[in-house]
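So the structure is just underneath, and the comments pick up after that.
The values are calculated or read from the model by the stated rules, or taken from the named source; none is laboratory data. Keep in mind that this is a model prediction, so the values were computed, not measured. When we count neighbours, we look across all protein chains shown, and the Cβ atoms used for this are built from the backbone with ideal geometry, even at glycine.
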Amino acid sequence: MGIHRITFTVNGEYEQVDVPSNMTLLQALRDKLALTGTKNGCSAGECGACTVIMNGEPINSCMILAVECEGADILTIEGLAKDGKLDPIQETIINRGGVQCGFCTPGILMSSRALLDRNADPSDEEIREALVGNLCRCTGYLRIIDAVKDAAQRERENA
Amino acid sequence: MSINPHPELPVFEYVHPVSLEEASQFLANHAGEARPLCGGTDIFVRMRDGHWNDKYLVDIKALDGTQEIKFDPQNGLFIGSAVNMNRVIRDPNVISHYPLVAEAARTVASYQLRTRATIVGNICNASPAGDTIGACIVLNGRLKVHGTDGFRWVPLAGFFTGPGKTSLKPGDIVTGIELPLPPKSAAGKYIKLGRNQLSDLSIVGVTVLGYPDESLVSGYRFKIALASVAPVPLVSLKAETRLGEGPINPAVLEEAAQLAESEATPIDDVRGSARYRKSMVRNLTYKALWMVWEKIGHLVN
Amino acid sequence: MAVNRVAVEKIPHPIGDSVQRIDAREKVTGAAIYADDFQFGPGLLYARILRSPIPHGIIKRVDVSRARALPGVKAIVTGEDFPGYIGLYLQDRFIFCRDRVRYVGDPIAGVAAISEEIAEKAISLIDYELEPLPGVFEPDFGASPDAPLIHPDLGKYEVMNFIFPEPGTNISNHFRIRKGDVDTAWKDCAAVVEREFRIPHIQHVPIETHVAVAKADEKGKVTLWGSSQSPFAQRNLIAKALGISQSDVDVIAPYVGGGFGCKAGVSMEALAVAIATKVKGRPVKLRLTREEEFYTAFVRQGLVARFKMGCDKDGKLLVMENKFYWSGGAYTEYGVNITRASGYSSTGPYNVPNVKTDSFCVYTNHPVGGPMRGFGMPEMHSGLEQCIDELAEKVSVDPVEFRKMNCIKTGDTIVTGMTMHPTGLSECITKAAEAIDWGKKNPASAPNKRRGKGIAIMWKAPAMPPNAGSSAWVEMNEDGTLTVAVGGQELGQGTFTVMAQMAAAAMGVPYDWVRIATPVNTDYSPYEWQTVASRLTWSMGNAVVNAALDARHQVLEMVAKSWNENLEDLDIIEGQVISYKSEESISLKNIVVYGIAKPNDQGWIGGPIVGRGNFMPSYVTGLDPETGQGPRAVVHYTTGAQAVEVEVDMDTGKVEIIQGVAAFDVGKAINPEMVKAQMEGGFVQGVSTALFEEMKLKQGILTNPSFVDYRIATSSDAPKKIDAIIVEYPQDDGPWGARGIGEHALVPTIPAIANAIYDAIGLRPGNPPYLSEKIYLLMQEAGLVS
């Protein structure tokens, strides 16, 4: 199996990695770049724990080959806070108590960040729809939904 | 048959041709061991599960025409095969002229998966459960296919030959789907029954399109496509015929729904039983017909 | 060491404050480390397991020679290499199968190789032959004389003295309750309900699957990194199985990405350790795929439950007769205690004078049953609470009133003869009914829908050996901060946060001066039995409080000596030692490490402060093996109620949860928002188990081993509103009166929903899950829909 050299931007940094054809972006992030914040929950596109933002849109990184990411701009959980300052959605999810075991949290935050980037005032239904691909077994979702609403409000107020 | 505890992507080569000719030639030369790759949402799942074992995945996302979504009143809407479902859902022309396609696409999986999933991929995967296939069928979609002898158009009628099987030949790459302008005053509805409120594969899916048509006695034509109740996406011809025969009222809608139920041939599987699916075909077809009728029923006297 | 118990009446901050989680920032930035995140470098080997494809069979032959010859393979092991039994309550398992396979997934061999690809290839090169045996797939059949024996050597297994196997059968535990006179009580009943329920196996579905990395060094010392609820239990069980000392096994356990019981005890960790012992000096990683997670670690036992209960014309419960056949799976080393715990709580939270219960743990050729949130209580209450509703209806008593009349109250004699401690169950019922607006039917949202409300109540005690202990120490640092060391694990429930709150309160420092020493490492951390049973807030909390008070006492003694004052006049407030008498004060900084200088350079007082504490209940008694009676069966019960409003779609049978209410008596909510978060999360997990979840086992093979067809609740399935109500009747020996909540939040949800469905459509849905198909076909059979 051939090895491909790919170059892409991850959290604002230019990276270059050598990957086999069948390596997923999730594996490349975790095993080649030691960015272990993105989690592996199923490797089948069902649980959303591996969600990252690629070229502005959220994807399941277990469902894309690393070789398909040549030239892409990727944001992972490690890049969400800027210079130590938490993103509003990171702050509101803490305040609302929407974090328990924390394993789904990186994926939830990336999906939520992407939602707020495309919809500054999402309704309850829109938030549920946007997060339906992020499974959580601990929180029961309501505090997460409230946190997204809080973050949206905060961002509208500061805009 | 026991469980595979370790499904994983097998060894394969990722190939990135620069032209349609090169791509079709490569696929034809490696018939049976190469496959076009678009969003991968079906391919990766099938490969992990060991159903597909292709040696080559041929990425077609950068090939001519696959990334465009364009509309003109003459030819209608063209959705390139690499256009992801989220792009389709928010496209202004889709929203204005083909809301049924957006409605159906919105029910697929999750937002993250729709960043990768494509309408054409949904069609080519040819699962009877495909959510957007019904909309494309009732809207008379045709596929633009590039093969070793160049381009051709393939209507969706007759395209599906069995579960997961289509009439495509080695070397064929679908570059997009064209949906003609819908008939005047058409209204549509897609109802999907899954286990969860959202997400999930369909236990039963019902697509209905209705529009005034003076060539029929009833004054209206209905198109009905059913998901997950037959080996292929099923068009309910008996129900469609009944709805053209005479004046339409709730009793006639109920009759049509029962005809749809009789035409469906679902099986028992892990998602639901045949018996339940039959009842759901009837109930949800009635509901979808009723919702469409509410929108168009006043148009013809 | 005897230290003063902090009085319940005087509640210091931050007890009762909803402080921010101590682990929140790490988790939202992706910095929190879980077991699969540790970096081991290029020496890491990858393990793969060869698993039985059949549910029951004799191993005729295993030939690893072809696999061993594959370049890159560093070790291959089979059951031949590990003769020791392993098990928590009953030792009925080998690490790798030796003579038999007993479930689809049973480990036959293990491989460690330099890459996952090579390990996978090696597995495919192992030649083996199995002779299939007939399987047992239903526990009531398994308990019958016609069933083939799954464990012919049951009589030889080591077992704890409160578990009663029946050798020569598939029954690995039989727990009995014989109380009062059941046979004659039936004639006094005005109404009797008799029902059978078949509750399916489900799985915990933690979002993080099991991961274990093991390394054995030249001396034979083993290090195990893993996603684990039970570092010390794993150390103990693995050491015993390998025949080595506990101190030669070091378990390192970081944050757990969800446990719910599946990461308690020992399951796949033993496989990684066993393989590692053959590759001295190199770490070996075993990570379960999601598919393996569904059927090869622990699952929740299935249950066939036969209830028969009767009451008088006023609705007073007189008698219950219960038979439980637990489908324990292939090995019941842990599951035997579920049989016992459900037996000694088999009346549910009710006062019933005459009780006969037989609770059987039965081997089946199914995946291994183990602890899952509720430990038998959700399975049991699923049927029991539906029967209660039916019985109430037969005597025309409202379901809420029926429960208020019969629920267990302070001072009642419960099913085992124990006296019930103070409990707020009645208040939980009243508050839950009030919050759901019981008695008022809301209009349905559409003509084709029906609304209904249901209620269910519960109880559960921590199920554990009578001597399950906790310990803790509190070290003080130069800057005045505390480092609290514990052996319990943060699974998301918030234990590190409440421990920090308790240490801060007991010492007299602000909450953010407290750190928890993580990860738990059995070489350095103090002993904790397991993070299960909803026991940590109460048990480990006591240990932490004792340790903090011990440290506090040392500080005050030191300062008292230095100031020549009495201990009673001194206090620590916000990190300052103060005297009420002389109004002197001194910061904790520095003195807690360096001590206090005597005047005129005449020496030093004190030294580095390290406080220690432990807690182990002393009062749990045995139970008579024939009657299940004894003075004190358990430490305490947490009780509670849930009420639910549902809407049923008559066209599809789909059940939607409109709103949920949960009210639990937690004694004292150390962190109220976190307690509510447990109630909400448990409720939604309960909704998921009620509406969707079922392991679809056909002849022992799991036909839905992935998220595609094992559905759990998504964001779209959570109700609009969940009211979480805290009731507080203090527990006499809990820290500030606290007792647990973690499991209880999941227990009554299935029957609450079942009872609400009955209210909506007049049909009882019986066995979960209440899929839309099940409800629709139920309505069709009854002629409600066509």
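Go through the residues of the stretch C:329-339 one by one and say whether even a single one is in contact with a Leu (Cβ under 7 Å, 6 or more places away or on another chain), within 20 Å of residue C:194 (Cα to Cα) and not aromatic (Phe, Trp, Tyr).
no
Out of all the residues in the stretch C:608-642, which are under 30 Å from residue C:573 (Cβ atoms) and surrounded by 14 or more Cβ atoms within 10 Å (Cβ to Cβ)?
Across the stretch C:608-642, the qualifying residues are C:609, C:610, C:611, C:612, C:613, C:614, C:615.
Can you name every residue in the stretch C:241-298 that is among the hydroxyl-bearing types (Ser, Thr, Tyr) and either assigned to a loop (DSSP other than H, G, I, E, B) or within 14 Å of chain A (Cβ to nearest Cβ) (or both)?
C:245, C:255, C:267, C:277, C:289, C:296
Mind checking which pairs have a first residue in the stretch C:684-708 that is within 7 Å of another protein chain (Cβ to nearest Cβ) and a second that is part of a helix (DSSP H, G or I) and among the basic types (Lys, Arg), Cβ under 8 Å, 6 or more apart or different chains?
Here the result reads C:706/C:290; C:707/C:290, each pair linking the stretch C:684-708 to a residue that is part of a helix (DSSP H, G or I) and among the basic types (Lys, Arg).
Name the residue, out of B:252, B:292, that is out of contact with any Phe, Trp or Tyr (no Cβ under 8 Å at 6 or more places or on another chain), among the hydrophobic types (A, V, I, L, M, F, W, C) and part of a helix (DSSP H, G or I).
Result of the check over B:252, B:292: B:252.
Given the options C:70, C:44, name the one that is out of contact with any helix residue (DSSP H, G or I) (no Cβ under 6 Å at 6 or more places or on another chain), surrounded by fewer than 23 Cβ atoms within 10 Å (Cβ to Cβ) and more than 21 Å from residue C:331 (Cα to Cα).
C:44
Return the residue satisfying two criteria in turn: it lies in the stretch A:107-126 and is touching a residue at least 40 places away in the same chain (Cβ under 8 Å) and away from chain C (no Cβ under 12 Å), and of such residues it is surrounded by the fewest Cβ atoms within 10 Å (Cβ to Cβ).
So the residue we want is A:117.
Find the residue count for the stretch C:482-519, including only residues that are more than 20 Å from the chain's Cα centre (by Cα) and on the phi > 0 side of the Ramachandran plot.
Within the stretch C:482-519, residues that are more than 20 Å from the chain's Cα centre (by Cα) and on the phi > 0 side of the Ramachandran plot number 1.
Residues of the stretch B:114-134 being buried (at least 24 other Cβ atoms within 10 Å of the Cβ) and aliphatic (A, V, I, L, M), which ones?
Answer for the stretch B:114-134, where residues must be buried (at least 24 other Cβ atoms within 10 Å of the Cβ) and aliphatic (A, V, I, L, M): B:117, B:119, B:120, B:123, B:133.
Scanning the stretch A:130-156 for residues that are more than 13 Å from chain B (Cβ to nearest Cβ) and touching a Gly at 6+ places or on another chain (Cβ under 7 Å), which turns out surrounded by the fewest Cβ atoms within 10 Å (Cβ to Cβ)?
Looking at residues that are more than 13 Å from chain B (Cβ to nearest Cβ) and touching a Gly at 6+ places or on another chain (Cβ under 7 Å), I get A:143.
Residues of the stretch B:12-62 being out of contact with any strand residue (DSSP E or B) (no Cβ under 7 Å at 6 or more places or on another chain), of a type in the set (Val, Ile, Thr) and without any contact (Cβ under 8 Å) to a residue 40 or more places away in the chain, which ones?
Residue satisfying the conditions is B:45 alone.
Out of the stretch C:709-729, which residues are in contact (Cβ under 8 Å) with a residue 40 or more places away in the chain and more than 7 Å from every other protein chain (Cβ to nearest Cβ)?
C:710, C:719, C:720, C:721, C:723, C:724, C:725, C:726, C:727, C:728, C:729
Filter the strands (runs of 3 or more DSSP E) completely within the stretch B:101-211 down to those with at least 1 residues that are over 20 Å from residue B:88 (Cβ atoms).
B:142-147, B:150-155, B:160-162, B:187-193
Please state which of the following conditions residue C:185 fails to meet, knowing it meets all the rest: (1) within 20 Å of residue C:366 (Cα to Cα); (2) over 26 Å from the mean Cα position of the chain (by Cα).
Unmet for residue C:185, out of (1) within 20 Å of residue C:366 (Cα to Cα); (2) over 26 Å from the mean Cα position of the chain (by Cα): (1).
Got a number for residues in the stretch A:23-48 being more than 10 Å from chain C (Cβ to nearest Cβ) and surrounded by 21 or more Cβ atoms within 10 Å (Cβ to Cβ)?
Here the count works out to 6.
Go through the stretch A:1-16 and count every residue that is on the phi < 0 side of the Ramachandran plot, modelled with pLDDT of 95 or more and either away from chain B (no Cβ under 14 Å) or in a loop (DSSP other than H, G, I, E, B) (or both).
Summing the residues that are on the phi < 0 side of the Ramachandran plot, modelled with pLDDT of 95 or more and either away from chain B (no Cβ under 14 Å) or in a loop (DSSP other than H, G, I, E, B) (or both) in the stretch A:1-16 gives 8.
So which residues in the stretch A:112-124 are assigned to a helix (DSSP H, G or I) and either more than 21 Å from residue B:91 (Cα to Cα) or among the polar types (S, T, N, Q) (or both), if there are any at all?
Within the stretch A:112-124, A:112, A:113, A:124 meet the criteria.
Can you give me the number of residues within the stretch A:49-100 that are more than 7 Å from every other protein chain (Cβ to nearest Cβ), of a type in the set (A, V, I, L, M, F, W, C), part of a helix (DSSP H, G or I) and in contact (Cβ under 8 Å) with a residue 60 or more places away in the chain?
Residues in the stretch A:49-100 being more than 7 Å from every other protein chain (Cβ to nearest Cβ), of a type in the set (A, V, I, L, M, F, W, C), part of a helix (DSSP H, G or I) and in contact (Cβ under 8 Å) with a residue 60 or more places away in the chain: 3 in total.
Quick one: count up the residues across the stretch C:424-464 that are closer than 26 Å to residue C:784 by Cα and aromatic (Phe, Trp, Tyr).
Here the count works out to 1.
Considering every residue within the stretch C:297-316, establish whether at least one is among the charged types (D, E, K, R), under 17 Å from residue C:199 (Cβ atoms), touching a residue at least 40 places away in the same chain (Cβ under 8 Å) and buried (at least 24 other Cβ atoms within 10 Å of the Cβ).
Yes: one or more hits.
Just the residues that are assigned to a helix (DSSP H, G or I) and assigned by TED's automatic domain parsing to the domain that holds residue B:171, please, taken from the stretch B:41-85.
Residue satisfying the conditions is B:85 alone.
Given the options B:34, B:105, B:117, B:82, name the one that is out of contact with any helix residue (DSSP H, G or I) (no Cβ under 7 Å at 6 or more places or on another chain) and of a type in the set (A, V, I, L, M, F, W, C).
B:82
Taking the options B:279, B:215, name whichever one is outside the structural domain of residue B:123 (by TED's automatic domain parsing), at pLDDT 95 or above, not β-branched (Val, Ile, Thr) and not in a helix (DSSP H, G or I).
The match here is B:215.
Those residues that are buried (at least 18 other Cβ atoms within 10 Å of the Cβ) and either in a loop (DSSP other than H, G, I, E, B) or within 14 Å of chain C (Cβ to nearest Cβ) (or both), I need them from the stretch B:17-40; list them, please.
B:17, B:30, B:38, B:39, B:40
Quick one: which of C:238, C:207, C:177, C:252 is out of contact with any helix residue (DSSP H, G or I) (no Cβ under 8 Å at 6 or more places or on another chain), touching a residue at least 24 places away in the same chain (Cβ under 8 Å) and not small (Gly, Ala, Ser)?
From the options C:238, C:207, C:177, C:252, the qualifying one is C:207.
Looking only at the stretch C:8-41, which residues are within 14 Å of chain A (Cβ to nearest Cβ), over 25 Å from residue C:263 (Cβ atoms) and modelled with pLDDT of 95 or more?
C:17, C:18, C:19, C:20
Just to be sure, is residue B:96 away from every other protein chain (no Cβ under 14 Å) and hydroxyl-bearing (Ser, Thr, Tyr)?
yes
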